[in-house]
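Below: one structure, written as structure tokens.
Here, each number is a calculation from the coordinates, and none is a lab measurement. It should be emphasised that the depicted structure is a prediction, and the values quoted were computed from it without experimental measurement. Using ideal geometry, Cβ is built from the backbone for each residue, glycine included, and neighbour counts are taken over all protein chains shown.
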Amino acid sequence: MSLSVDPRLADRRREVREGWARRRLRWIMALVAIVIGAGIGLALVRSPWLAVRTVSVFGAANADVAPVLETQNVVPGVPTISVRPAVIEAALERDPWVARAEVRVTWPGTVEATVVERVPAGWIETEAGWVLVAADGVALIRGEPTPGEPVVRERVPALAPGEEVPDEELLAALAFLARLPADMAVGAEVSIGAAGIEATVAGHAVLLGNRRDMDAKAATLVAMLGAGLDDGTAINLISPSRPAVSYPQPVVEGTGEDVSSFDDSG
């Protein structure tokens with residue numbers, strides 16, 4: 001006994017099979033196209049046409065940026081896609097001189113590294129020798145101050161480049177020095193005594209008191225020195241809004257004693 005299949009049903013089954021076959025073929029062709037496109041794209045981004053051609057550095061006066069970039073393989077000829085700005089920025093900021101770094105990649109092959117350097121404030125003597133310290137309290141380099149460079153006359157424990165000054169009064173002293181104009185900072189010295197923070201600026205003894213209001217104290221001192229003061233005049237800036245000065249007088253003949261007058265200029 002033989003069974004016959006309705007020709008229309010057979011045609012329908014054949015159409016369904018052929019439809020599935022066509023769809024599978026389209027999927028396979030699409031997958032092949034994606035793989036080929038990805039391969040071409042990968043080859044293109046790693047080709048010499050999209051390699052790093054220019055590496056520029058901005059803002060570096062003391063920081064040695066070039067060796068860091070070379071260590072991170074940021075050199076002409078490497079694929080631009082391999083440059084990782086965040087990783088490079090972190091590497092640059094490990095240099096004590098670098099307060100902030102920004103790396104920008106511009107296709108097809110330009111890399112720009114911009115650094116903002118810390119500003120040296122003065123030298124501090126430590127148990128391991130002198131260190132140059134920035135205004136934010138980060139030690140920059142070991143060395144010796146040259147004549148005329150501002151110093152903080154306080155001996156502190158050893159401080160390695162990259163470490164921060166832990167003492168708040170020392171930080172205030174550094175902040176004060178950093179706010180002085182370059183000509184007034186020449187030969188400036190700061191120390192911490194029984195009366196608080198004291199300084200010698202442009203030949204004048206300056207009493208700063210506690211660590212507060214260093215911006216205002218520095219601004220007041222700059223204004224007073226700019227207006228002109230007699231040599232040897234002492235300045236009291238404990239209250240920067242009410243500065244006071246004391247004027248030395250010649251030695252009174254026959255007494256051997258110095259007589260000074262005091263003026264509250266506030």
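Using Cα pairs under 8 angstrom and six or more residues apart, how large is the relative contact order of the range 127-210, in percent?
Relative CO of the range 127-210 lands at 26 percent.
Near the amide H of Leu140, under 5 Å away, which other amide H atoms are found, from residues 5 or more places off or on another chain, if H is placed in the peptide plane?
Excluding prolines and chain starts, which carry no amide H, the hits are Leu132, Val133, Ala134, Gly162.
Along the Cα→Cβ direction, 7 angstrom out, place labels at Leu229 and Ala66. What is the inter-label distance in nm?
Reported label-point gap for Leu229 and Ala66 is 4.6 nm.
For Asp167 and Arg142 in the same chain, what is the full-extension length gain: residue separation times 0.36 nm, less their Cα-Cα distance, in nm?
Full extension of this stretch gives 7.1 nm more.
For the pair Ser191 and Arg242, what calculated FRET efficiency results from E = 1/(1 + (r/R0)^6), where r is the Cβ-Cβ distance and R0 = 30 Å, to the nearest 0.05?
That pair, Arg242 with Ser191, gives E of 0.80.
Expected output is a single nm value to one decimal: the length gained when fully extending between Ala216 and Ile28, i.e. 0.36 nm times separation in residues minus the C-alpha distance. What is it?
60.2 nm
For the range 235-244, what does the Karplus curve 6.51 cos²θ - 1.76 cosθ + 1.60, with θ = phi - 60°, yield as ³J(HN,Hα) per residue in whole Hz, taken in order and with x for Gly and Pro?
10, 10, 10, 4, 10, x, 7, 9, x, 10
Tabulate in residue order the Karplus-calculated ³J(HN,Hα) for the range 170-177, using 6.51 cos²θ - 1.76 cosθ + 1.60 with θ = phi - 60°, rounded to whole Hz; enter x for Gly and Pro.
5, 4, 5, 4, 5, 4, 4, 4
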